Every structure is written in C-alpha cells, then in structure tokens.
Amino acid sequence: MRANSCLADLQQAAASREDLKIEPFVLRGTPVWIAGLESLIQRAKTRYELLGSLPEISCSFEELAARLFGEFVPSSELLGKLLQGKLAVLSGDGSRAFVLESEPAELRRTVDLPKEETIVGAPSAAFVEDLNTNVGLLRQTFVSADLQVEYVSLRGSADKRIALVYLRSEAPPQLVTEIRGRLSAPSRQPVRSDQALISQLTGTRWQLISPLYNTELPEQVSEELLRGRVAILMDGQCTAAITPSSIRNFFAMFSDKHFPYPLMLAIRAVRIIGLLVALLLPGLYVALIAVNPETLKIELALSLAMSRLDVPYPAFIEIIIMLFIIEMVVEASLRLPKSIGPTITMVGGIILGQAVVQAQLVSNLVIIVLAATTIANFTLVGFNNALTIRFLKYSIVCLSAMYGVMGLFAGLIGFILYMSSIRWYGIPFMRLR
Amino acid sequence: MQRNASRLPTYLFIVGTHTGLIFFLYAHATLRTTAYAHWQPAIVYICIEALCLFLLLAGLARVPGKDFADLFIPLGKVASLLLLAPLVAYFLLVSLMVMRSFAELVRIMFVANTPMWALLALLVLLFMFGAFMGGDSILRANVVFSALFLPVLLFALSSCFKNADFHYLYPLWNSSFDFLRKQEFYSSMFVVSPFLVIGMLPPLSPLRPRGVFLTMLPIWALCLIALHIPILVFGTPAARLLVFPFLATMDSVSLLWLVFDRVTLFYAVSIMAFVSVHASFLLWSIGRIVHKRFPKCPEKPVIAAAAVALFVWGLMIPGWDWLQNMLFWETWLRILAVFAIPAAVLWRGLILSRRRAAS
Amino acid sequence: MIRPRRLPSCIALICALTVLPGCWDIKDINHRVLPIIMGISYSKDHKYKVSLQVPVPTARNIRILVVSAEAATLSKAISHLDMNIESNLDLTHMQLILFDRKVAEEGIQDEIAFAMRTQEIPMKALLAVTNEDMESFLRKTGNSVVQNGSSFMNFFNKNAGWDPQITLSALWQAFETIHSETKDIALPVIRAGTSTMLEFEGSALMSKDRMVGQIPPEQSLLVNIANNQIEDAVLEVTKSSSLLIVRNSTRHRGSIVDGRPVLHTRMQLSAIVKEKHDDKSEDEIASELTEQIRTRYELLYEKLLKAKSDPTGAGQHFRGLLPYEELTAWRERYYPRLILKCDVSTVIVNQGNISSN
C-alpha cells in the first residue's frame, strides 16, 4: 500500500479528472509512469522531447531525475504541481515521483495590440493573460537591474499568482513593505479580481476611487515605476494594476510625451476640461433651466423656453431619463459583437438625436448636453476613472436640481474635498507627482 | 526647491481663508465704519492684523510644530481653559457668522424662496464634511480651489474697473478719525481674524514667518482693492447703502461676449469654496483643540456637535439686523481673541524656548 | 492612514439630500414669464401703473404680450400681474425700465430703490423716459420685436445698432448718481418709431432723481463726447463739409478761483473729411468744426447749469478740491456758479482717397 502511494493517489485523482493521463513508459531502460493533464500539456511533443534530452545510456530513476532537472515532491503536493501544467515522472513501483517542466498546450494569446487603450504614435505591445509573458514584457521595456520582481503567495487555493514589480531605487521601501504585508494578510474572499485586490489592499470595498490604476501598456507601467510606484501583475489579467493611483492618472498618459511639450500640455488641458464638463454639465443644465435661468442671456433663455415648450416633465426628470438611456447605450455597446455594434449606435443615435426631440419628450439642448457629457467622459484616461466620474455626476445633478448653481458648486467643492482626503498607504491621492 | 514647494499649500491656504472674507464681507464691514476716506480704517485694520500676526508668528517660531492647544495645555487645567474656551467660542462665532451671512447673501441675491434651513443644511453639511476630512485634506483641497476659482475672482475684480470713476477716491483725508470712536469699527474687526487659523497650522506644515508676511502683502493689497471697487463704481454714499457692495459691483459689469449673463452668481459660488475652506478648518480646529484638551472626547463627535450647534444657532437668528447686533455683542470676545491670544502665544513661546535653552 | 470607511455615510448623506422635499425655486424656464421691458407710469385711481412687455415663446416664434396693473406700490402691481399671468413672473431678464415723463419729473428715487432692493431686476437694466402712452408704446415696439427678436437690444447695444447720440444709463448708474454729491445722469427719451422700432428724441436731464429738462440729440452727443463715451465714429456736418469724428479724448480739470469752481475742458477730436463743398483747406475745415463744437458745448453747459443737472460729471473734478462738508452742498452752492473754460482742438486725419491738391 505504502510502496506505490504516489501512483495510487494519482489514479484515484484521475477517476474524477479524466484529462489526467497516467501511462507507463520506458525511459532509457527504466520503466516509469508519466502523468500529466492532457488539457495543459502537449503529450506527444513532451514524450519526444523527454527522450531527446537524455543520452543514450541506461539510467536509474535517480539519474533520470538529475538529468531531467526533475524535482522530487511528496505525494501530497503532486496533484497541485500537475494542475500548474507540470509533468510528473513516477518510478516503476509508483513510490516516488519528480516533476519537471513540459511543453505547454497552446492556450495563450501571443502579444498583441492594446484592446482598450489605443494610442497614437507609440510602441503598442500590450499585456496578455500570462503572468510570465507580462513580466517579460516589462523586463524588455525596462532593461535595468533595478527592476525588482516578487511573487507573492496568497493563501487559499482559488487565488491567482501575483507579481509585485517595482524599482528598488525609486519605490519607497516602506510602501513596498506595506503593500506586500497587505497582500499576504489573510483575505476574506479569494483574490481573483481587482475588486478583491482593492479590498485586500485598502480594507474596504466602498471606495469610489480605486487605489489601482489599470493599464495594458508596458510602457505606461515603466513610466509609473519610475515615479516610485508599485505594479501588481495578476496571472490571467491582461492589465497591470499600478498602485497607489493619483489624480494624475485621470488625465496624464506616458504616450503624451511623444508629442512636443506645449502640445502635451494642451492635450492634458483638454482632458482636465473634459473631466469638469463630464462632471458638471448635466448639473449645470438642470441648474440653469430650473433654478437660475437669470444667468442665461435673454436670447438663449427664450429659445430654450421655446424648445422646452411642450416637454411635459421638469428638467431634472428629463435629464435623468436621458442620462440613463445613454448609460444603457454605452453599456450595451461595450458587450455587443463588433458586427451588431454599429446597428445599436445608429438606432441609439437616431432615437436620441431625432425622434425623442421631434416627439417633444425632451428638448434638443438636452441632447447636446448629453452628447457633450458622454464625449467628455471618455476623454479621461483609464476606464475606471471614467466610470467614477460617470457615477458621480448623478449626485451633482441631484444637488443642482435642489439648489441650482449653488448646489452645483457645493457638489464640486464636496468632490474636491473628498478627493483631497483620500490617502493610499499614507500617500495623498491629490498630488501631481 | 522641494522645501518651497511643500510650503505652497500653506501660503495658498492663508490666501484662501482671507479671500473668503475679502470678496464677501470685507467691503461692507469697512464701509460702515465711516462716511469717507475709507482707506484709513482699512489701513488701521491692516496694521492691527500685521501687529497681531507678528506676535503670533514670533511665538510660534520659537516652538516649532506646536499649535494653540499644545502651547496652552501645559499651563494647567484652569489657565488653559481660560485661554482655549474663548478661542473655541470665537472660532465657532466666526464660522457661524460666515455661514449665516453666506446663506443670507444667497437668499438676497439668487434664490429668494429657498428656506433658510435648507441653505444652512447644505452649508453645514459641506463644512462638516470638510472638517471630517481633516486639516491636511482641507489644505490640499484649497490648492485645487485656488487653481480653479482664484483666477475667476481676479478676473471679476479686474472687470469691475471698467465702470470705475476714480474721482470717487476723493476726498482723501478725514482728519476727524471718527471711525475710532464708532462701535462699528470694533465690531467689524472680524475681518482681521482669519490670521488666527495660522496658529493651528504648525503641526500640519512648517511655517516661515517671512513667507507668511510676504503672502500677506498681496492679501492686504486685495483688501484695499476690494474695499475701493464699490466706492469707485457706486460712489461712497451709494456703496454704503448696499449690503453686499462687492457683489453688487460685479453685477454692474456687463460683458457682452460672455456666455452667461449674470455671472455674479458664479463669482458668489466661487467664494463659497473659500468660505467652506475657512469654516471647515475652523470646525476642524475646534475638534482638534477640544480633543487635545479633553483627550477623552474624540474629534469627530465634537466637530459634529459644533456643526449641529452652528445649524441650530444659524436658524435661530431671525434676520440680517440680528446678525449685525450679534457682532456688537461679541466685540469683547473678538478683542480678546485677536489681541490676547497672539500675545499669550508669544509669551508661551518665549518661556518654552528659554526653558529648552536652559535644559 | 485614513481608512476610507466614511464613504457609505457620504453616499447616504447625498441620498438623504435628494429625498428632501425640495422644490422652492424650481420653476422650469418654460413655466416662467420673462418680461424684458417694464414701464412705470402714474394712473388716475392708483399711484402706479406698471406695464410689462413679455415675449411669450410659442412653437414657431415669439409672441409679444403687454400686460398692465395698477396699484399703490410697485411691488403690489407686480404681484397683481403675477397672479393674472398663468406662469411665474420672473423679472430677472429685465432689459429696460421705462419711465413715463411725469414719473421722471416727480423723481424716481423710490422706483430705483425698489429695483435695486429686489435684486431680481439686473443692475445692468437700462433706463429710459418716454412721453408716449406706456401701453401703446410697448405694443408698437412689440410688433417689431416679433419681426426681429434682437431689434430692441441692438438699439442699445454698443456693438450693434447703438448710435453715439444715445445716452446710455443703467440702473446701477441711476442708483450711484441719486446718492452721489457730484454727478448726474442723462436718460434717453425714446418713442416708438414709425418704420424703425425706436426713435431717439433726446436726453432727459436728471438732477439727482428728478428730470429737470430735455436736450436734443445733438447736445446729448456732446454729453457722450464729454464723458468719452464715443466708441463709434460719428458724422458731424459743418457749413462747408461733412466730417467723421473717429476719435475723441476729453480731459477735464477743476480748480477753485475766488470760491468759484472753474472747469477746464480739453477736447481733442480726430476727424476724417467725408464731403466738402467749397475749396477749403484742412485748417479751415478743422477750425470750423472746432468752433461749432465749442459754441454748442458752451450752450449745452448754460442749459445744464440752469437746470442744476450734471450729466458730464463736472463735479467729480472738484471732489479733491473741496472738503467733505462742502461737497454735500456742491449742487446748491457751487455747481450753478461753475465757469466753463472749453478748449477744442481738431486734427484732420485724412481726406479719404482724394488729396486736397
């Protein structure tokens, strides 16, 4: 019983995992069992390479392990290694086993163009799902002995592998220690998503602004590393999470630096204005229409009154309805297949742009306001950041509906106070560096 | 370079707290002190502020990193209470006055039908929110406010010169100095009070007296400009009739090329940013001082209690005239806070630094 | 580190705010009535009659509505109107406050104070006087507003149809000068035009809050020149030529001689020759213009001093010369005895594309 425990355990495991294959094999005169998950390993190629890497002399089991760079593991850890895509070689009696690297099945995407962050005139390799590839991309972008990579082991079987990447000369040591400590603390839930990662890092899930800034561009990551931040790479995620995030990440990208300095400033100014427009414009509309029309010029006031003449509900309801429709259009078109996307855009465009106004359900200025808001929202860098602003504009619309322009500004002041109060690991969010 | 950069928020904060008052209550407060030659009371105010600021900074510079509470608490239970209680009361009064006047301004100028409780609720919530965020957050937010709103306000200020008639500067000299005998002069002295917040700054960021004084120079210039713009546009007698002369002056400017018509509304709400910085910081200071004096009281409930007190108190004031009366009644408190506190800080500073040198 | 656990409470606060039963000043713009002209006149039964010209937007264009109410006070009349109009009356877009001549002659201090006090009426609203019946004036002008929405604004707009003769006075200026010791305004006197919307009859001379006389358009042009208010070119016809005054700068200096105020006025005009009849030299043309402006200005001042009205702000130049107590008596004791020393000089800039020889 004890003698062939490895084999027996594996056979037992294979009963409910039919992709686990265990087969007898003769390696240079020694009968062995080789085992591996056929879903992760190319079996034929592996066998061929296994034979090719051994000299044509007969070897004992120990010699095989040494020549193949095998690592002996106890029976209890064997299955775990196999699940990571390794190959196990068991002695003929099944009592001992070593594992070695194998030829993986082709489950991985090759390095590709960025899907979400299209950039103009800059290197455009993007992260993929595989952690090693991603670390490799970083090493390639940033050739320096300074670049530190730490793999953090998280507890719990469902957790993914996580790599901490930082520059020893730039990142403050206490920041790295802090992040490492928080990551290795016991977690309430399996860390498989950014949300879990955020709650692991900050201790709360109720944060509107993420401490992580996700990017799929290795170039952007190396820029942030130079600013002394830490990148967290998670296996299976095709973005790197840079932490701590700052207000800079709302409007600054590294690829801006491929343009002359004044143009870069102009581009960033556009994004800052975009932030303010996306946050304030719907609220401003409500405030001006419903509470403070005296700030409009008389000509504009009259033409607005004309366009709203038969609109049956107050400006607040009007804009909330339309904002919701826009949110749904955005949400729907995100997940639509590429072939149907244009249809929805067209239908949405025609419905919103033409029919709603002609049916006098909303005034035509609302359409302009909505278009400007939506466009402005996507001038912001980072989908996360755009989402934050998309969400926060509703509170400002509500305040404006009650207090007019005063409420609008109260909302803005509150927003700025809130942002100023955020600190990640003791580092304020509101800083430009 | 790095050290200078880190001081910028502090200096901007001093500008911000003053801006909240200068663009808002300063002109009216100074205009009512005398019939003409208003630069005289304004200069006297500036001198008073400079003197008290000098005492305060001289004291604070001797014991770096200590605020009012740290300086006074070692004096013993009774003495520290005697010094800190009026200070806290005064902070509360200043925030009450600022808040209530701002609500009145909004009601007079913009939204006549909104009930007072709703306006006060919004302001109190905003101030309390700011105070909860803590002093350093307020400093940081103030940098953003300065970047967003100071240019707007300075633009508004400069656009007012379009309507100015400089002959209204005359007559220049009032030899009677009658304002010194008027109670209004003393009750309007709250306009110099923002310098007291500097006493709460040392734990947040290091202060350099020279830098603070250099910051005060443009502020004092701004005081004189803000006072004289209504005079230049409306003439002294008409300007004295107005409750918010400065905003009225902004209202008189017509800029045909602007997108909006009555931009005064936007100026007024820009002032709200600085008003909230000032009031939030005062509330936070109250929480800080009380917490340091009575370590058992945590900061946030104290701030919340102060905010509720502000709200209730603000509601109990029936009208603008009462607000002015209240200013009369608390004159003694103001004189105590403005003169006695800086003097006490200097005294403590001298004693502590001498003791440290001896040991 | 500050644990950001307070966010739920912030959200709760914002949510709590939204459910407050808040609808105080919330009236959508299409439920507001925005009058642009307010006419104030006296009526037989009550003290005031307030007439409003209101543009009412309809689906295709703007209809003009004229409504009136009579009451003992202005605010009472306005609240009457508010009751009768189905939407909410909102005075915040008032562009022009029109006084009946009788009202202006009785004094407009209370009316101005009312307008300043409400804060609803913008301080930039212009003031004018009319001799016509208020309602018919508002109806007639309303018709041309329907045809061209901006015609009314253009009449007073310095960047559009404003003519240099028209004296412009805003509400805030009236408030300023009513309380000022040393300054007055001149209000334009207008009537509804036959072919155009408005016609300019001249300027009403105000002494503090009272209208004390009227000057014709040529003289109100001089008031504007004296105040450096000309931003446009203005045509001036002399005996032998037509000149376009393209620039003017006027300086005043006050002095007290033997207890009498003396005002030195220097006008520098730059003109372009547009037409000339006789073969006169540039110098002759220039001196003709100089002489014409100077005599007309002196005539204007005679009138102003007699009426004790100071629309050119002559008194301003004596503020530094007299002690404060004397200033308060300026209008009575000094202004009527003012001596004007006027000095006009003209520079001919060019004669167009035809040279003189």
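The values are calculated or read from the model by the stated rules, or taken from the named source; none is laboratory data. Quantities reported herein were computed from a predicted structural model and do not represent experimental measurements. Cβ atoms come from the backbone with ideal geometry, glycine included; neighbour counts cover every protein chain shown. Ligands, DNA and RNA are excluded from the accessible area calculation, which covers all protein heavy atoms including side chains. Shrake-Rupley method; radii C 1.70, N 1.55, O 1.52, S 1.80 Å.
Residues that are in contact with a strand residue (DSSP E or B) (Cβ under 9 Å, 6 or more places away or on another chain), without any contact (Cβ under 8 Å) to a residue 60 or more places away in the chain and open to solvent by less than 20 Å² (accessible area, probe 1.4 Å), at least 2 per element: which helices (runs of 4 or more DSSP H) completely within region A:330-430 meet that?
It comes to A:405-421.
Which of the residues that make up region B:10-35 are open to solvent by 10 Å² or more (accessible area, probe 1.4 Å) and small (G, A, S)?
The answer is B:A35, and nothing else.
Of the conditions (1) at pLDDT 90 or above; (2) crowded, with 24+ Cβ neighbours inside 10 Å; (3) within 14 Å of another protein chain (Cβ to nearest Cβ), C:A170 satisfies every one except a single condition; which number is it?
(2)
Answer with yes or no whether C:F137 is at negative phi, at pLDDT below 90 and either of a type in the set (V, I, T) or assigned to a helix (DSSP H, G or I) (or both).
For C:F137, the condition - at negative phi, at pLDDT below 90 and either of a type in the set (V, I, T) or assigned to a helix (DSSP H, G or I) (or both) - is met.
Please go through region B:155-176 and give me each residue that is open to solvent by 70 Å² or more (accessible area, probe 1.4 Å) and farther than 21 Å from B:L247 by Cα, ordered by number.
B:Y170, B:L172, B:W173, B:S175
Of the numbered conditions (1) within 14 Å of chain A (Cβ to nearest Cβ); (2) crowded, with 19+ Cβ neighbours inside 10 Å; (3) touching a residue at least 60 places away in the same chain (Cβ under 8 Å), B:L148 fails exactly one; give the number of that condition.
Here B:L148 clears every test but (2).
Taking region A:288-300, which residues are facing another protein chain (nearest Cβ under 7 Å) and either within 45 Å of the chain's Cα centre (by Cα) or under 21 Å from B:V106 (Cβ atoms) (or both)?
Within region A:288-300, A:I289, A:A290, A:V291, A:N292, A:P293, A:E294, A:T295, A:L296 qualify.
State which residue is farthest from C:Q53 (Cα to Cα) when the search covers only region A:308-329 and only residues that are open to solvent by less than 10 Å² (accessible area, probe 1.4 Å) and more than 14 Å from chain C (Cβ to nearest Cβ).
Per the stated criteria, the residue is A:L323.
The conditions are (1) surrounded by 15 or more Cβ atoms within 10 Å (Cβ to Cβ); (2) out of contact with any Leu (no Cβ under 6 Å at 6 or more places or on another chain); (3) part of a helix (DSSP H, G or I), and B:K66 fails exactly one of them. Which is it?
(3)
Of all residues in region C:306-344, which are open to solvent by 40 Å² or more (accessible area, probe 1.4 Å), more than 10 Å from chain B (Cβ to nearest Cβ) and not in a helix (DSSP H, G or I)?
Selection gives C:K308, C:I339, C:K341, C:D343.
Checking the condition in a helix (DSSP H, G or I) and under 25 Å from B:S137 (Cβ atoms), which residue from B:T17, B:T30 passes?
The match here is B:T17.
Considering only region B:230-286, state which residues are aromatic (F, W, Y) and within 14 Å of chain A (Cβ to nearest Cβ).
Answer for region B:230-286, where residues must be aromatic (F, W, Y) and within 14 Å of chain A (Cβ to nearest Cβ): B:W257, B:F260, B:F266, B:Y267, B:F274, B:F281, B:W284.
C:K303 fails exactly one of the following numbered conditions: (1) open to solvent by 50 Å² or more (accessible area, probe 1.4 Å); (2) not in a helix (DSSP H, G or I). What is the number of that condition?
(2)
If you go through region A:234-259 one residue at a time, how many are under 23 Å from A:Q200 (Cβ atoms), not β-branched (V, I, T) and not in a loop (DSSP other than H, G, I, E, B)?
Summing the residues that are under 23 Å from A:Q200 (Cβ atoms), not β-branched (V, I, T) and not in a loop (DSSP other than H, G, I, E, B) in region A:234-259 gives 4.
With (1) within 24 Å of the chain's Cα centre (by Cα); (2) at the interface with chain B (Cβ under 8 Å from one of its Cβ atoms) as the list, and A:S420 as the residue in question, which single condition is left unmet?
(1) is the only condition that A:S420 fails.
Test B:Y170 against the criterion of being on the phi < 0 side of the Ramachandran plot and either touching a Lys or Arg at 6+ places or on another chain (Cβ under 6 Å) or among the β-branched types (V, I, T) (or both), and give yes or no.
yes
Can you tell me how many residues in region C:250-291 are open to solvent by less than 70 Å² (accessible area, probe 1.4 Å) and assigned to a loop (DSSP other than H, G, I, E, B)?
3
From the set of residues in region A:383-417 that are touching a helix residue (DSSP H, G or I) at 6+ places or on another chain (Cβ under 6 Å) and under 25 Å from A:E117 (Cβ atoms), which is farthest from the other protein chains (Cβ to nearest Cβ)?
Within region A:383-417, the match that is farthest from the other protein chains (Cβ to nearest Cβ) is A:A386.
Taking only region C:35-51 into account, find how many residues are within 14 Å of chain A (Cβ to nearest Cβ) and surrounded by fewer than 24 Cβ atoms within 10 Å (Cβ to Cβ).
Count: 1.
In the list A:A287, A:A305, A:A278, A:A231, which residue meets the criterion of being surrounded by 19 or more Cβ atoms within 10 Å (Cβ to Cβ) and outside any helix (DSSP H, G or I)?
Exactly one residue qualifies, and that residue is A:A231.
Do you know which of the residues in region C:284-295 that are more than 13 Å from C:D343 (Cβ to Cβ) and touching a residue at least 60 places away in the same chain (Cβ under 8 Å) is nearest to the chain's Cα centre (by Cα)?
Checked region C:284-295; the qualifying residue nearest to the chain's Cα centre (by Cα) is C:A286.
Would you kindly identify the helices (runs of 4 or more DSSP H) lying entirely within region C:24-133 that contain at least 2 residues that are among the polar types (S, T, N, Q), farther than 22 Å from A:T295 by Cβ and free of Cβ contacts under 8 Å to residues at least 24 places away in the same chain?
Fully inside region C:24-133 and qualifying: C:74-84.
Give the residues of region C:126-144 that are open to solvent by less than 10 Å² (accessible area, probe 1.4 Å), closer than 16 Å to C:L52 by Cβ and of a type outside the set (G, A, S), sorted by residue number.
Once the filter is applied, which keeps residues that are open to solvent by less than 10 Å² (accessible area, probe 1.4 Å), closer than 16 Å to C:L52 by Cβ and of a type outside the set (G, A, S), region C:126-144 yields C:L127, C:T130, C:M134, C:F137, C:L138, C:T141.
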